[in-house]
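J.: So that we are looking at the same thing, I have put the structure below in structure tokens.
The values are calculated or read from the model by the stated rules, or taken from the named source; none is laboratory data. Quick caveat, the model's predicted, so the values are computed rather than measured. Virtual Cβ from ideal backbone geometry, glycine too; neighbours counted across all protein chains shown. Just the protein is used for accessible areas: all its heavy atoms, side chains included, with ligands, DNA and RNA removed. Shrake-Rupley method; radii C 1.70, N 1.55, O 1.52, S 1.80 Å.
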Amino acid sequence: MTEPPVGRRERKKAATRQAIADAALQLFLERGYDRVSIRDVAEQADVSTATVFKHFTGKEALVFDQEEGNDARLVAAVRDRESGESVLDALRRHVLDTWLPIASHPQRQEFNHLVDATPALRAYAERMWARHTDTLGAAIADEFGVDHDTLACTALARFVLEVPALAQGQKDHRAAVEEVFDFLAHGWRPPAGPSSP
């Protein structure tokens, strides 16, 4: 989790940023992403278009407003883990702490539909996912003193970042996350079915 802004100025900046992101999401969900302009968002949030661009790099970034610090949080999950905690366990804890609240958000389904139905947002999400994979893979490699392109580190980063997508459709999100991390920790085993011995 990121530390809350402490100074008055930082709190005001964070509140403005959140108001802009909330206004944008509301408009995108109501009208569709392609039918909303930066000017529409600025008017809805009661700020200037310059203020919008001061906080966000572009229209896609308005949708993924929480992603800005994700690289830093992923690296921190690996580097700042508790003494004696494995990298995998630290990443399990990170996914449980950060993704479960997002998964249970009442607008999550609408948000997913917005992204899935908008080619520009899907492409942006894929670029973000690739960047997060590179960042996390490098952080894992650094922990073990190996090259950043070490396949085991890159593969683990990809699998960890894929956990939310795999768990999303399951009834019990926590159990699904735990199950996938158990696969990563202990290897895949055939599922026990009704006819299994």
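J.: Among (i) 44, 40, 35; (ii) 63, 42, 29; (iii) 67, 43, 32, which one is Cα extents along the principal axes in Å computed from these coordinates?
T.: Among (i) 44, 40, 35; (ii) 63, 42, 29; (iii) 67, 43, 32, the one calculated here is (ii).
J.: Each label point is 7 Å from the Cα along the Cα-to-Cβ direction; what then is the distance between the points at residue 150 and residue 166, in nm?
T.: 2.1 nm
J.: Under 8 Å for C-alpha pairs, at least 6 residues apart: give me the relative contact order for region 5-105, rounded to a whole percent.
T.: Values: 50 pairs, mean separation 19.0, N = 101.
Relative CO of region 5-105 lands at 19 percent.
J.: Stretched out fully, how many nm does the piece from residue 76 to residue 97 gain, at 0.36 nm a residue minus the Cα gap? Provide the component values of the computation, followed by the final result.
T.: Details: separation 21, 0.36 × 21 = 7.56 nm, distance 1.33 nm.
Result for the pair: 6.2 nm of gain on full extension.
J.: Distance between the C-alpha centers of region 51-110 and region 136-197? Whole Å please.
T.: 17 Å
J.: For region 16-84, which GluC sites (Glu not before Pro) are in a loop by DSSP, counting at most 16 other Cβ atoms within 10 Å?
T.: Working: sites: 30, 43, 60, 67, 68, 82; in loops: 68, 82.
Sparse-neighbourhood loop GluC sites (Glu not before Pro): 68, 82.
J.: Okay, moving on. Please give the net charge around residue 176, taking every other residue with its beta carbon less than 14 angstrom from that of residue 176, where Lys and Arg add +1 and Asp and Glu add -1. Kindly include the intermediate steps, with their values, before the conclusion.
T.: Details: positive: 92, 171, 174; negative: 162, 172, 178, 179, 182.
Here the count lands on -2.
J.: Then there is this: Could you tell me the number of lysine pairs in the chain with C-alpha atoms less than 28 Å from each other, where the two lysines are 8 or more residues apart or belong to different chains?
T.: Details: 12/54; 12/59; 13/54; 13/59.
Final tally of qualifying lysine pairs is 4.
J.: Ok, one more. Just the number, please: carbon plus sulfur as a percent of the accessible area of the chain, 1.4 Å probe, no ligands or DNA/RNA counted. Before the final figure, lay out the partial values.
T.: On the way: 6430 of 12430 Å².
The computed percentage sits at 52.
J.: Tell me, what is the percent relative contact order of the chain, built from C-alpha pairs under 8 Å that lie six or more residues apart?
T.: Values: 139 pairs, mean separation 34.3, N = 197.
Dividing the mean separation by the residue count of the chain yields 17 percent.
J.: Can I ask one more? Enter the accessible area per residue of region 93-197 (Å², integer; probe 1.4 Å; all protein chains in place). If you can, show how the numbers build up before the last one.
T.: Numbers: 6690 Å² over 105 residues.
Per-residue value: 64 Å².
J.: Something else now. May I ask for the net charge around residue 24, where only other residues with Cβ less than 9 Å from the Cβ of residue 24 are counted and Lys, Arg are +1 while Asp, Glu are -1?
T.: Working: positive: 59; negative: 22, 40, 65.
Here the charged neighbours net out to -2.
J.: Round to the nearest 10 and report in Å² the accessible area of residue 12, as given by a 1.4 Å probe over the protein chains' heavy atoms.
T.: 140 Å²
J.: Here's something else I'd like to know. How far is helix 119-144 tilted off the main Cα axis of the chain, in degrees rounded to 10, range 0 to 90?
T.: Helix 119-144 sits roughly 50 degrees off the main axis of the chain.
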